[in-house]
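The values are calculated or read from the model by the stated rules, or taken from the named source; none is laboratory data. Note that this is a predicted model, so its numbers are computed, not measured. FYI the Cβ positions are ideal-geometry reconstructions off the backbone, even for glycines, and counts take in every protein chain you see. Side chains are part of the model used for accessible areas, which takes the heavy atoms of the whole protein and leaves out ligands, DNA and RNA. Shrake-Rupley method; radii C 1.70, N 1.55, O 1.52, S 1.80 Å.
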There are 2 protein chains.
Amino acid sequence: MGISERKEREKAEREQRIIGAAKMLAEKDGWASVTVRRLAQEIEYSQPVLYAHFENRDAIVGAVALEGFGELGPVLRSSVRRGASAAQAMEDVAMAYLEFAIERPALYEAMFVLPSGLRFAKSDTPQSLRDTFGAMMAVVEPFCANAELATEAFWATLHGLAELERHGRIRTAFRKERVAHIVDMFASKS
Amino acid sequence: MGISERKEREKAEREQRIIGAAKMLAEKDGWASVTVRRLAQEIEYSQPVLYAHFENRDAIVGAVALEGFGELGPVLRSSVRRGASAAQAMEDVAMAYLEFAIERPALYEAMFVLPSGLRFAKSDTPQSLRDTFGAMMAVVEPFCANAELATEAFWATLHGLAELERHGRIRTAFRKERVAHIVDMFASKS
DNA sequence: TAAATAACTATAGCACTGCTAGAATGTCAA
DNA sequence: TTGACATTCTAGCAGTGCTATAGTTATTTA
């Protein structure tokens, strides 16, 4: 009875094509241009088919967001140079985070700005999401007694820097200096 | 020839009613429910009239955002308790900022999240916007050599905290602790 | 193999959006 | 009173997310 397996496989493939198309369109022309009609056209099916895969448009954004977390976690972890000090590690992660946010704005928006239906810090929070938070916690931990609280603060700082820079509200040229300043603060307050 | 003056006055009044209606609707039901049709209905004119006042919907958001800055600046300045130390002043401003963001989410969104057409850190940046930045700089200055850079970092941190908390991504219950942690860092790094 | 059933997919439509061309109305000076 | 101007509205476009319904295809049963 490999027939239902084949169908499931085909459905999973199609779902991946929807997510891929959404990601591609969003990165090319922004999320506003990711419409259900356009996605349907892209995967060569009619619109209602998409609603057999996702409850609504937000759920598609959520699926892309999840892929984003699958990327960001490893990016952060691998950004730390070999033999880096604790402070250097923190700086590496911070810079990697900001580069990700600026270079993949559509993905970053899906993850942190747009309504995506993703639940954070809950029992059903996906693993890739926990991993990403863990990657940040790993470089904060050496300096702070209350690691979870400090990581929230660290993450918030990075997110704020990313958003204000993305919207042109702070000077892009001084990214490195701001990161240095912040890491200095987090690291000196042991 | 007071006739054209009267017309200008009436136009200004109507413009204010549009902005007021947008602000009210956004705070009541969120920005998604602020449609040009609904605003037109609210001010008892037809839709095209709104386009005689604002180039497009974003410009209306921008006008509300500007009002927001007119509120936030004074809120931050008056939040500092009399006789507060420099560190206490920083904490007061930080808490006031976050309270503003959480209690006035629609206004905050217009100011910092939605496309509003407002230009920051440019020669034509409105005064109320500079004032708000100045209010933050005032409490950062005592601790940092490069005040502008440090203020960008401080502001980014607050913005990140506000956004992550607004979206339920960090634990609301620990706001005060996070602020204490951050102020401690900014203040101890003199 | 033919009919019945179930699974799938498309057409067509709803109610809504931002925005605008052109018609109708009102206001004023000649 | 008439013509010119400014103001305002009606009606419509092209688009959105989403869905009821009809139609087609695939699978199972007789």
* Whole number in Å², please: accessible area per residue of segment B:1-54, 1.4 Å probe, ligands, DNA and RNA not counted. => 67 Å²
* To do: Once you have all Cα-Cα distances for the protein assembly as shown, histogram them in 10 Å bins from zero and send the whole-percent values.
  => 5, 21, 28, 24, 14, 6, 2, 0, 0
* Asked: Longest exposed-loop-site-free stretch of chain B, with GluC sites (Glu not before Pro), DSSP loop and at most 15 other Cβ within 10 Å?
  -> B:56-190
* Asked: Under the rule of -39500 (n - 2.57) per DSSP H run of 4 or more residues, summed and divided by the residues of the protein assembly as shown, what mean residue ellipticity at 222 nm is obtained, to the nearest 500 deg cm²/dmol?
  -> -24500 deg cm²/dmol
* Asked: Against the longest principal axis of chain B, how steep is helix B:2-29, in degrees 0 to 90 to the nearest 10, with axes from Cα atoms?
  -> 50 degrees
* Structure fact -> All alpha-carbon distances of segment A:57-188, grouped into 10 Å bins from 0, give the whole-percent distribution 13, 44, 35, 8, 0
* Asked: Relative contact order (percent) for segment B:57-188, with alpha-carbon contacts under 8 angstrom and 6 or more residues of separation?
  -> 32 percent
* Any idea what the A:Glu42 label distances to the other copies are, label 7 Å down the Cα→Cβ vector, nm, shortest first? -> 3.4
* Name the most mobile residue of A:Lys11, A:Lys23, A:Lys176, meaning the one with the largest mean-square fluctuation, in a Gaussian network model of chain A with Cα contacts below 10 Å. => A:Lys11
* Please identify, among A:Pro126, A:Pro142, A:Pro48, the residue showing maximal mean-square fluctuation in a Gaussian network model of chain A using a 10 angstrom Cα cutoff. => A:Pro48
* Asked: If you draw the axis that swings chain B onto chain A, which residue of B has its Cβ closest to it, and how far is that in whole Å?
  -> B:Gly160, 1
* **FRET efficiency estimate (nearest 0.05) - Cβ-Cβ, B:Arg38 to A:Ala32, R0 25 angstrom** => 0.75
* **Distance between modelled label sites at A:Arg9 and B:Glu103, nm, 7 Å Cα→Cβ extension** => 6.0 nm
* **Rounded to whole Hz, the Karplus (6.51, -1.76, 1.60) HN-Hα couplings of segment B:74-90, x for glycine and proline** => x, 4, 5, 4, 7, 6, 6, 5, 5, x, 6, 6, 4, 5, 4, 4, 5
* Asked: Using a label position 7 Å from Cα in the Cα→Cβ direction, what is the ascending list of nm distances from B:Ala121 to the same site in the other copies?
  -> 2.8
* Asked: Label-to-label distances across copies for B:Arg81, with labels 7 Å out along Cα→Cβ, in nm, shortest first?
  -> 4.5
* Residue of B:Gly117, B:Gly62, B:Gly73 that the Gaussian network model of chain B assigns the largest fluctuation, springs spanning Cα pairs under 10 Å -> B:Gly117
* Asked: How high is the FRET efficiency between B:Ala84 and B:Ser188 when r is their beta carbon distance and R₀ equals 25 Å, given to the nearest 0.05?
  -> 0.90
* Asked: Considering only protein heavy atoms and a 1.4 Å probe, what is the carbon-and-sulfur percentage of the accessible area of segment A:1-54?
  -> 49 percent
